[in-house]
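Peer 1: Have a look at this one.
Only the coordinates and a few stated rules stand behind these numbers; no lab work does. This structure is a prediction, so every number in the text was calculated from the model and none was measured. Cβ placement follows ideal geometry from the backbone for every residue including glycine, while neighbour counts extend to all protein chains displayed.
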Amino acid sequence: MSNNREDIIVDLKKYFRQQKELGIEYFYMTPVNRDSGVDEKTSDISDGEAKLNEDTHQMNLLNSTAKKMTLDEISEEIGDCTRCKLHEGRTNIVFGEGNANARLVFVGEGPGRDEDEQGRPFVGRAGKLLTKIVNAMGLQRTDVFICNVVKCRPPENRNPEADEMTTCGQFLTKQLISINPEVIVCLGSIASKYLLNSKGSLGSMRGKFHTYGNSKLLVTYHPAALLRNPNFKKPLWEDMKIVLKELQLPIPGD
Ligand code: URA
């Protein structure tokens, strides 16, 4: 596909028309301009034509139809994935785990060594800290859903690259549509920038609810950052209190 805006529009129109012929009426989109205050939760096909964005992230979301899949169906669709280069070094796909009807979902960036070995998200040092945070909120890991933007470990724990997030992110989108949580907590800047389609700093994204589909989305520090800098503990707990308040759950210790 060309990078020229006009060509992209032509391609997208063609794509929308084909999808309509296949019976797909709605596409799930994040707001194109997060700063506009406009909340574009879903868009029908003719609206979609008017709201084009050159960013490949949006293309990825456009590929996720509103059809709600079960987590099992999504896992089956992922299969023994070779869609991006991350598959080359993985031991296990880390799909995510927890409550399929969770009111609260945590999203990290990608599996590390322990997660890759065990096929489970957030089970290493940072994961143990996340478990403590969840427990401090008066919840168990089984109450929430925990997952990542990419499902295979990036080599040497490097940040996932844009093409990897675009390829794998479609499954995160499907997971979030399937679970339909009230609140999504993005752990760290990688997941936050990805889900908000933002280039902003973590600091600029923190402290307020954003919108992602039907869900409210809050940005906070990655637990690994807390391991490096304990000064982040207090602001992270303030963020979790905002989440508990939104979910109308008791705030332990208050
Ligand atoms: N860091 C992440 O972002 N995700 C995990 O699953 C583990 C560590």
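Peer 1: Show me the ranking of peptides 178-191, 238-251 by mean Cβ neighbours inside 10 Å, starting with the highest.
Peer 2: Numbers: 178-191: 22.3, 238-251: 15.4.
Final packing ranking: 178-191, 238-251.
Peer 1: Say the cut-off is 32 Å between C-alpha atoms; which of Lys193/Lys233; Lys151/Lys245; Lys128/Lys193; Lys68/Lys245; Lys85/Lys234 go over it? Let's see the in-between values first.
Peer 2: On the way: Lys193/Lys233 21 Å; Lys151/Lys245 30 Å; Lys128/Lys193 24 Å; Lys68/Lys245 28 Å; Lys85/Lys234 38 Å.
Violating the 32 Å Cα-Cα cut-off are Lys85/Lys234.
Peer 1: Work out how much length Asn92 to Leu227 would gain on full extension: take 0.36 nm times their residue separation and subtract the Cα-Cα distance, in nm to one decimal. Please list the in-between numbers first.
Peer 2: Details: separation 135, 0.36 × 135 = 48.60 nm, distance 2.52 nm.
Answer, rounded to one decimal: 46.1 nm.
Peer 1: What does the charge add up to near Pro252, with Lys and Arg as +1, Asp and Glu as -1, over the other residues with Cβ less than 13 Å from its Cβ?
Peer 2: In short, +2.
Peer 1: In whole Å, what is the distance between the alpha-carbon centres of the range 69-89 and the range 121-139?
Peer 2: 25
Peer 1: For Cys81 and Asp254, FRET efficiency with R0 = 35 Å and r from the beta-carbon atoms, rounded to 0.05? Can you show the working numbers first?
Peer 2: On the way: r = 43 Å, r/R0 = 1.23.
Using R0 = 35 Å, I get an efficiency of 0.20.
Peer 1: Please give, to one decimal in nm, the separation of the simple spin-label points placed at Arg158 and Lys132, each 7 Å out from Cα toward the Cβ.
Peer 2: Label-label distance for Arg158 and Lys132, simple model: 3.1 nm.
Peer 1: Moving to a separate point now. To the nearest 0.05, how large is the calculated FRET efficiency for Ile8 and Glu246 if R₀ is 35 Å and r is the Cβ-Cβ distance?
Peer 2: Values: r = 37 Å, r/R0 = 1.05.
The value I calculate is 0.45.
Peer 1: Using just the alpha carbons, could you tell me how many Å³ per residue the convex hull of the range 181-254 encloses? Show your work: numbers first, answer last.
Peer 2: Working: hull volume 6.6 nm³, N = 74.
It is 89 Å³ per residue.
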